[in-house]
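Just passing along the structure, written as structure tokens.
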Amino acid sequence: MGIKRLVLMGPPGAGKGTQAANLAQGLGVAHISTGDILREAVKTSTPLGIKAESYLKKGLLVPDELVVELVVSVLENQEGFLLDGFPRNIAQAEILEEQLKQANDGVEMAISLEVEDDAIVKRLSGRRVCSKCGASYHVEYKKPSKEGVCDVCGGELYQREDDKEETILNRLDVYKQQTMPLVDFYRKRGVLVGIDGEGSVEEVTKRLSEAVS
Ligand code: AP5
């Protein structure tokens, strides 16, 4: 049996979203992205979205109590999962551990996608996302056939509010201070796998599938 309980970590723009859906599909597990869930909640103005909006705009972490409640409910009845964007700090990781302990199943693999800061700024400042289906593009590395239009559904492409340069630097700071300690957290538990996230999308995909096979 393959790996069924994974965490995918990495700085903003490391390529988590680009890689996660395929990786999860290959493993037959659910892809759970807290960033996607939160953005959808903001878009549809749910109570969670209204509370989370200002944090997302500034590139700050949404308070743990909001995110944890969300993840716990999504994880219920989930046999296998690839968590993308959660946990984001030690407190969240401990809660996840506690939650999984009750089911007697811990995280089997925590993948850390590693990408240098200058590549991150280039990736994020050039990212464009479909307003309808969420597909992700890049003005240089992954151009749509027609500028500003999604290849998948014809929706309009836009720049995420938190992909403005000033906010990108803020997100990187938040990552280094709050999320990077998780690398050690999972290393101590013997489940950490570091993957080079630089190079083409296909090269990174290959490294990831080798790691989980
Ligand atoms: P979230 O959506 O999780 O954002 P993030 O971690 O900052 O990650 P990104 O989605 O920006 O990047 P990615 O790694 O998915 O890269 P992508 O594949 O798109 O979170 C957003 C916000 O929600 C947070 O700031 C916070 O406010 C809140 N939040 C979420 N989870 C939370 C939690 N647990 N607790 C509290 N708050 C939480 O790629 C980026 C670009 O690069 C794309 O254009 C892509 O085409 C391109 N690209 C990808 N791979 C390559 C490659 N190999 N070569 C060239 N270009 C590439």
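The values are calculated or read from the model by the stated rules, or taken from the named source; none is laboratory data. This one's a predicted model, so the numbers in the text were calculated from it and none came from an experiment. Ideal geometry is used to build each Cβ from the backbone, glycine not excepted, and the neighbour counts take in all protein chains shown.
I need the full set of residues from region 7-48 which are more than 15 Å from the ligand (Cβ to nearest atom) and closer than 19 Å to V183 by Cβ, in order please.
Within region 7-48, none qualify.
Also: I'm trying to understand the selection: among the residues of region 171-201, which are more than 17 Å from the chain's Cα centre (by Cα) and within 9 Å of the ligand (Cβ to nearest atom)?
If the condition is that a residue be more than 17 Å from the chain's Cα centre (by Cα) and within 9 Å of the ligand (Cβ to nearest atom), then G199, S200 are the ones that fit.
Being part of a strand (DSSP E or B), surrounded by 16 or more Cβ atoms within 10 Å (Cβ to Cβ) and either more than 16 Å from the chain's Cα centre (by Cα) or near the ligand (Cβ under 9 Å from one of its atoms) (or both): is that true of Y137 here?
Yes.
I'd like the full set of residues that are exposed (fewer than 15 other Cβ atoms within 10 Å of the Cβ) and polar (S, T, N, Q), limited to region 32-47.
T44, S45, T46, listed by residue number.
Of all residues in region 37-66, which are within 23 Å of L23 (Cα to Cα) and either of a type in the set (A, V, I, L, M, F, W, C) or over 17 Å from the mean Cα position of the chain (by Cα) (or both)?
I37, L38
Next question, about the same structure. Tell me, yes or no, whether region 85-97 has at least one residue that is over 20 Å from V183 (Cβ atoms), at pLDDT below 95 and surrounded by fewer than 19 Cβ atoms within 10 Å (Cβ to Cβ).
No, there is no match, as no residue in region 85-97 is over 20 Å from V183 (Cβ atoms), at pLDDT below 95 and surrounded by fewer than 19 Cβ atoms within 10 Å (Cβ to Cβ).
Quick check on my filter: what residues within region 166-213 are β-branched (V, I, T) and outside any strand (DSSP E or B)?
T167, I168, V174, T179, V183, V191, V201, V204, T205, V212, listed by residue number.
On to the next question. Among the residues of region 67-78 satisfying the criterion of being part of a helix (DSSP H, G or I) and more than 8 Å from the ligand (Cβ to nearest atom), which is nearest to Y175 (Cα to Cα)?
Looking at residues that are part of a helix (DSSP H, G or I) and more than 8 Å from the ligand (Cβ to nearest atom), I get V68.
Go through (1) in contact (Cβ under 8 Å) with a residue 60 or more places away in the chain; (2) out of contact with any Ser or Thr (no Cβ under 9 Å at 6 or more places or on another chain); (3) surrounded by 14 or more Cβ atoms within 10 Å (Cβ to Cβ) one by one and return the number of the condition R207 breaks.
Failing condition for R207: (1).
Moving to a separate point now. Say we look at region 149-165 and pick out the residues that are within 13 Å of the ligand (Cβ to nearest atom) and assigned to a helix (DSSP H, G or I); which of these is farthest from the chain's Cα centre (by Cα)?
Among those residues, the one meeting the criterion is E161.
Just need a number here: residues in region 97-122 that are farther than 30 Å from G80 by Cα and in contact (Cβ under 8 Å) with a residue 24 or more places away in the chain.
Selection size over region 97-122: 4.
Okay, next question. Condition first: under 18 Å from I32 (Cα atoms), in a helix (DSSP H, G or I) and touching a Leu at 6+ places or on another chain (Cβ under 9 Å). Now tell me which residues in region 52-66 satisfy that.
A52, L56, L66
Report, by residue number, each residue of region 142-156 that is under 23 Å from P11 (Cα atoms) and in contact (Cβ under 8 Å) with a residue 24 or more places away in the chain.
The answer is K142, and nothing else.
Take F86 and decide whether it is among the hydrophobic types (A, V, I, L, M, F, W, C), near the ligand (Cβ under 10 Å from one of its atoms) and within 15 Å of the chain's Cα centre (by Cα).
Yes; evaluated as a whole, the condition is true for this residue.
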